[in-house]
Amino acid sequence: MEYNLKEIDTYAKNWIKAAGENIRSSFPKTLNVTTKSNPNDLVTDIDKGTEQYFIEKIKGTFPNHRILGEEGYGDDITDLTGVVWIIDPIDGTMNFIHQQRNFAISIGIYIDGEGMIGLIYDVVHDELYHCIKGEGVFLNKKAIPKLEASKVNESIIALNATWVAPNKRINHELLIPLVKDVRGTRSYGSAAMEMVYVATGRIDAYLTPRLAPWDIAAGIIMIKELGGKATNLRGEELDMLKENSLFVSKPGLHGDILKNYLKDGKW
């Protein structure tokens, strides 16, 4: 089946900007904050309302499209056949609650399993990162240049501060030599934002032990489009139907870190 990517992209941009305006208008209000899997896994009424807004718009315009959303209001997705919107209504909810900045709306649109459209909206700064596969990546209307190779000792990398996963033993000690050798490390608390920072060259790589599909769906489309690499920490292809570890970086740097610091995935 043929799909009009331009049409889908136009609708998605309009909806993500409208959702962002609604989030900005919520800043002076008192949020209804609850927890999910643990006391630090926060969700607000804004997260839920934003996801429901996207579902209403998508189903009303594209009734045959399916939706995988963080808050669980979408479809029961067991495959990526057809058009699937993978949505994180607020990526970086803790930042949203505590800082009212350093969070984003993330939407990846996949067609028959292939990432075709990516949108990440930095709501506070009104910066929309977007791409259609094969047409480049843009920040608002400005094209983002292709990624260039960099060396480990000249790189800034982002690391998730919490290397603990349920029922998993993660050998975080493998990262110590890498942290010592790079120019610096950062942690921003939003996977979507950290991925666009790699895409724009603000940082050189991002590593984290456990993320859901909605955290990474849009960002990996952009990084691949710009010539970067996106895999799990073992260098394997990412599975958009389950949790993954994540390693995204500039070209060249990815192979260097994987081989010399992650021990070919033996973490």
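The values are calculated or read from the model by the stated rules, or taken from the named source; none is laboratory data. A quick note: this is a predicted structure, and the numbers were derived from the prediction, not measured. Glycine also receives a Cβ, built like all others from the backbone with ideal geometry; neighbour counts cover every protein chain displayed.
Couple of notes before you dig in:
- For the stretch 233-252, the criterion of being touching a residue at least 40 places away in the same chain (Cβ under 8 Å), over 15 Å from L178 (Cβ atoms), assigned by TED's automatic domain parsing to the domain that holds R183 and among the aromatic types (F, W, Y) is satisfied by no residue at all.
Let's see how each residue does on (1) touching a Pro at 6+ places or on another chain (Cβ under 8 Å); (2) outside any loop (DSSP other than H, G, I, E, B); (3) surrounded by fewer than 23 Cβ atoms within 10 Å (Cβ to Cβ):
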site: I105; (1), (2), (3): yes, yes, no
site: Y110; (1), (2), (3): no, yes, no
site: M116; (1), (2), (3): no, yes, yes
site: L128; (1), (2), (3): no, yes, yes
site: F138; (1), (2), (3): no, yes, yes
site: P145; (1), (2), (3): no, no, yes
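- Residue within the stretch 23-40 that is modelled with pLDDT of 90 or more, outside any loop (DSSP other than H, G, I, E, B) and not hydroxyl-bearing (S, T, Y) present: yes
- Residue match in the stretch 208-217 (condition: of a type outside the set (G, A, S), surrounded by fewer than 19 Cβ atoms within 10 Å (Cβ to Cβ) and either under 23 Å from R183 (Cα atoms) or without any contact (Cβ under 8 Å) to a residue 12 or more places away in the chain (or both)): no
- Meets criteria (part of a loop (DSSP other than H, G, I, E, B) and at pLDDT 95 or above) for I220: no
- Tally of residues being part of a helix (DSSP H, G or I) and crowded, with 19+ Cβ neighbours inside 10 Å across the stretch 70-99: 3
- When the stretch 53-74 is limited to residues that are of a type in the set (D, E) and within 20 Å of the chain's Cα centre (by Cα), the one that is modelled with the lowest pLDDT turns out to be E71.
- Among the residues of the stretch 147-161, the ones that are in a loop (DSSP other than H, G, I, E, B), surrounded by fewer than 19 Cβ atoms within 10 Å (Cβ to Cβ) and touching a helix residue (DSSP H, G or I) at 6+ places or on another chain (Cβ under 9 Å) come to 2 in all.
- In the set (1) out of contact with any Asp or Glu (no Cβ under 6 Å at 6 or more places or on another chain); (2) modelled with pLDDT of 85 or more; (3) surrounded by 13 or more Cβ atoms within 10 Å (Cβ to Cβ); (4) within 23 Å of E194 (Cα to Cα), the condition left unmet by Y11 is number (4).
- Considering residues of the stretch 179-200 that are of a type in the set (A, V, I, L, M, F, W, C) and in a helix (DSSP H, G or I) only, the residue farthest from Y129 (Cα to Cα): V179
- Answer from I257, I203, I176 - the residue that is assigned to a helix (DSSP H, G or I) and either surrounded by 15 or more Cβ atoms within 10 Å (Cβ to Cβ) or touching a strand residue (DSSP E or B) at 6+ places or on another chain (Cβ under 9 Å) (or both): I257
- Within the stretch 59-69, tally of residues that are buried (at least 19 other Cβ atoms within 10 Å of the Cβ) and without any contact (Cβ under 8 Å) to a residue 40 or more places away in the chain: 2
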